[in-house]
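See structure below.
Laboratory data are not the source of any read-out in this text; all were calculated from the coordinates shown. Source: prediction; values computed, not measured. Ideal geometry is used to build each Cβ from the backbone, glycine not excepted, and the neighbour counts take in all protein chains shown.
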Amino acid sequence: MKKLNNVEVDSYCGLFTHVFVYIYLIAWEPIKASTYSMNEIEQVITDTSEVLPAFCQSIEAILRQGLKKGLGNLGLADRDYWNVIQDLTSSKRITIKPSHSVSHVVGLVQHNKSVHTSQSRGRLFIRIALSKGLLAETIQCLLNNQEYVKYWYKDFSMLVNYQEKRVLIEILKSLKKKTYNLNINNCHFLGETWLVPEIECFEFVPCSLLGLTLFTVHNKCMIIDVQSNSVAAEKGIQTGDCLASLYDEIIDERTALKIAQIRKKNQGKPVTVIILKGRFKDGRWFSPLFQRYNILLNNGKCQAVEEKENTMATDQTDHQMISAKHAFDVTYQGVANVGKKGNCIYVQEGIKKLNKVGDHENTKLKLQLSERDIVLYSSSTGEVAQRFSYTETSSCALGDENDCQFGFITGNTTCSFADSFNCHVFLCATPHLARTIIEGIGKGFDRTVYCV
């Protein structure tokens, strides 16, 4: 599998990055340098402002400097500055309470379902506080509560050291003169990086399929294929993008297993989708998504974008493609309708119904079990005869009376919505071949591949 090389990632910080490396103590120069840079650029600071990630990294480093470990009721050793900010609203050591605005931001972070770690919550708080002009006020509240701060921090912290804390708050106040137009909903990757991907929100008319094939990796739902001429393709959704939300449900490794139920619950409603773009408008990849996409490439779960485009541009025939891939020789005996249910027990019913008729089609085909589909090809021409996705396939089984016979049931749409099911019946040369195919279909059901 060809890898994507020479990808530019994490380039926002530019020349500012080396300024913000902290070895032991935080020097005064980093925050001062980033502040000057912020003051020199445009009046409105957005997510694309080059110095923003470096400035946020400096604030984060200041809030972490001298932070004691293993304090508090739970005695957690992995706590972060978010725990300090969160406890501002409830600690008995607080003598001057934070404003209702700061407490409101704390509540917004606590109830956000897209952030799950102390680091991601702390970073989301900083972004919201910047957007609402509350960052200086929050730090001022910490400085006003020295008993509380000394409980959390060692003496060399900038929040405790009297020589630096006044200058710190003055610089933060100067930043209030700027307007921060940040998308606070773009927080899905704050646990990994201060950079944010481009984000797009769509609302499609009620439809059965958007045309997306998904695969989860490292708790994110990657788009590994976009069906041509689908509504998703029309909106510019691409392989390598990430499905972040569906019907206002955050999609991660856990909820991806429930995509069929989510769609069924919202059947007939407009389809709301949030997509995190794998690449920026200038073609650079967003690093965390590229890393996941590269894992899928290495595991053969998807094709490199360049390879896919080159394949589409060639005159390679279906027969040439199938000859290069392993496929099973089978005899297609026909199809029998089994009603409104597609459970495994109805496979035998379909096989018996077809055997009772006795007039089989007996078409020679090649059956291939791809990553997402069961594909039937003509043995003579190599042309695709039929294709069934695993989401449309509800069950499979060997025949009770003939070990060389097997069948699988497909619905008239994705199984969760199907109201009519057909059993497709096949004959193999040996019982071993029939069992191998059934086991392969079963593995297809087990793969973490989802279609929407």
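Each of G107, I94, Q163 was placed along the dipole of segment 77-163 (beta-carbon charges, centred on the mean Cα), and the one lying farthest toward the positive end is G107.
Subtracting the Cα-Cα distance of Q110 and K177 from 0.36 nm times their residue separation leaves 21.3 nm of extension gain.
FRET efficiency for V44 and E234, Cβ-Cβ distance as r, R0 = 35 Å, nearest 0.05? Efficiency, rounded to the nearest 0.05: 0.65.
Suppose every K and R has +1 on its Cβ and every D and E has -1 on its Cβ; what is the size of the dipole of segment 199-311 about the Cα centre, in Debye to the nearest 20?
300 debye
Say each of A429 and T272 gets a label point 7 Å from the Cα, pointing the same way as Cα to Cβ; how far apart are those two points in nm? A separation of 5.6 nm, rounded to one decimal place. Here the peptides 331-339, 58-66, 434-442, 95-103 are ranked by packing, the mean other Cβ count within 10 Å, and the order with the highest first is 58-66, 331-339, 434-442, 95-103.
With an a/c value of 1.5 or above and a/b larger than b/c for the gyration tensor axes a ≥ b ≥ c computed over the alpha-carbon atoms, segment 199-311 is described as prolate. Working ranking of peptides 384-390, 183-189 by packing, defined as the average number of other Cβ atoms within 10 Å per residue, highest first, is 183-189, 384-390. Using the structure shown, select from K113/K269; K178/K220; K269/K341 the pairs with a Cα to Cα distance greater than 27 angstrom. Beyond 27 Å between Cα atoms: K178/K220.
Would you please classify the overall shape of segment 250-289 from the alpha carbon gyration tensor, given that a ≥ b ≥ c denote the square roots of the eigenvalues, rounded means a/c under 1.5, and beyond that prolate means a/b larger than b/c while oblate covers the rest? Here segment 250-289 falls in the oblate category. The residues R79, R127, when put in order of fewest to most other Cβ atoms within 10 Å, stand as R79, R127.
Under the simplified labelling scheme, the F202-A385 pair shows an inter-label distance of 3.4 nm, with each label point 7 Å from Cα along Cα→Cβ.
Taking the average, over residues, of other Cβ atoms within 10 Å as the packing measure, peptides 372-380, 267-275 rank 372-380, 267-275 from highest down.
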